[in-house]
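To start, the structure under review is shown below, and the notes come after it.
The values are calculated or read from the model by the stated rules, or taken from the named source; none is laboratory data. Being a predicted model, the structure only gives us computed values, none of them experimental. Quick reminder, even Gly has a Cβ in these numbers, built from the backbone with ideal geometry, and neighbours come from all protein chains shown. The area values use the complete protein model at the heavy-atom level, side chains included, leaving out ligands, DNA and RNA. Shrake-Rupley method; radii C 1.70, N 1.55, O 1.52, S 1.80 Å.
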Amino acid sequence: MSKAVRIGKIFIGGGNPITIQSMTNTDTSDVERTIQQIKMLQEAGCDIVRVAVPDFDSAKAIKSIKDHIDIPIVADIHFDHRLAIEAIKSGADKIRINPGNIGEDWKIEELVKVAKEFQIPIRVGSNIGSLRKEFESRYDRTTALAESALYEVRLLERLEFFDIVISVKSSDVIETIKANEYIVQRVDYPIHLGITEAGIYETSIVKSSVGIGYLLLKGIGDTIRVSIAGDPIREIYIARKLLVSLHLRKGGQVIACPTCARSEIDVEEIAKSIETLVENTDLTVAVMGCVVNGIGEGRHADIGIAGTKGGAAIFKEGRIIKTVKKEYIYDELLNLIKKSRS
Ligand code: SF4
């Protein structure tokens, strides 16, 4: 098991629940817009949020942002260690740096001194695009990825800093899996899992589900980010679904049949219309196109509907409890879900 590291009010690692992370895409120094996006992320289920800190205005903005949000904030810094120090002093709960691009040892030493003083953990790690040159020629890509991350870990350890989170990410699923397996055989710091530059929506869902899902099932990984190009809120929805489907987090789900020539209702539309509502429950709701197979197939659901000629049969635990006309299907489902929640 990994050791636990505290990020603000949350612990990651050490057997604590897997947390979901995302990153804002607003200008961090635009405090109002950044707060607004973080609130939306939080409402969607984000546990820890990361913001880019490219300049001092952004580092200083963390102080004002923190006053308005309830989740830990991670400052993402490249190149300038002074930005990391400023971010810590402004209240960042974790720092994400790449020591390799911070430069001279004394700069790392200065940063580590402040991180120790404020008891702020540091995430280090490597992406496939930022491998250390000497490792690229010495190892295969996967080992170079993992060794680049371990090099950074050892830098911090030499300074007697152990409040570390590690990430090793590639846009290639297999490389990410193998590099993380390599890491956990050698150190016990908590692991931040993700497929980097995973791509646009559908591509990222597939890659992240396979890569993150595989590792989590093997007991590897303590916090996750599903990286999707575009609106970060979608990252949270997918991450939640991923954890729920692995039984690592409670949450409701809508199961729906793929439809066929027997379907009597618009399964996709009905399933979509109730999905958000169901997600915040512990219910499984089945939306099935017909009664021929639907009731049997959906019998494990807490609530289900199966299409009939004139509307739908509502069933609970495999038994029909009533039938409704087509125009009342949504209202009926809504009522049943609300009743089951209360
Ligand atoms: S539940 Fe009915 S409509 Fe849906 S796939 Fe099965 S047979 Fe077809």
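Structure data summary
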{"read-out": "Counted residues, the range 229-239 - those being open to solvent by 40 Å² or more (accessible area, probe 1.4 Å) and either under 8 Å from the mean Cα position of the chain (by Cα) or of a type outside the set (A, V, I, L, M, F, W, C) (or both)", "value": "4"}
{"read-out": "Residue that is nearest to GLY252 (Cα to Cα), among those in the range 304-331 that are outside any strand (DSSP E or B) and without any contact (Cβ under 8 Å) to a residue 24 or more places away in the chain", "value": "GLU317"}
{"read-out": "Options LEU156, LEU111: the member that is touching a strand residue (DSSP E or B) at 6+ places or on another chain (Cβ under 8 Å), open to solvent by less than 40 Å² (accessible area, probe 1.4 Å) and farther than 21 Å from PHE11 by Cβ", "value": "LEU111"}
{"read-out": "Total residues in the range 240-259, condition touching a strand residue (DSSP E or B) at 6+ places or on another chain (Cβ under 9 Å), more than 16 Å from the ligand (Cβ to nearest atom) and among the small types (Gly, Ala, Ser)", "value": "2"}
{"read-out": "Residue among THR196, THR203 that alone is without any contact (Cβ under 8 Å) to a residue 60 or more places away in the chain, closer than 30 Å to SER245 by Cβ and either in a strand (DSSP E or B) or assigned by TED's automatic domain parsing to the domain that holds GLU109 (or both)", "value": "THR203"}
{"read-out": "Where ALA301 falls short, out of the listed (1) outside any loop (DSSP other than H, G, I, E, B); (2) within 16 Å of the ligand (Cβ to nearest atom); (3) buried (at least 18 other Cβ atoms within 10 Å of the Cβ)", "value": "(1)"}
{"read-out": "Matching entry among GLU275, GLU268 (being within 12 Å of the ligand (Cβ to nearest atom) and either part of a helix (DSSP H, G or I) or in contact with a Ser or Thr (Cβ under 9 Å, 6 or more places away or on another chain) (or both))", "value": "GLU268"}
{"read-out": "Criterion violated by VAL292 - all others in (1) open to solvent by less than 60 Å² (accessible area, probe 1.4 Å); (2) β-branched (Val, Ile, Thr); (3) within 14 Å of the ligand (Cβ to nearest atom) satisfied", "value": "(1)"}
{"read-out": "Meets criteria (within 16 Å of the ligand (Cβ to nearest atom), basic (Lys, Arg) and open to solvent by 30 Å² or more (accessible area, probe 1.4 Å)) for ARG262", "value": "yes"}
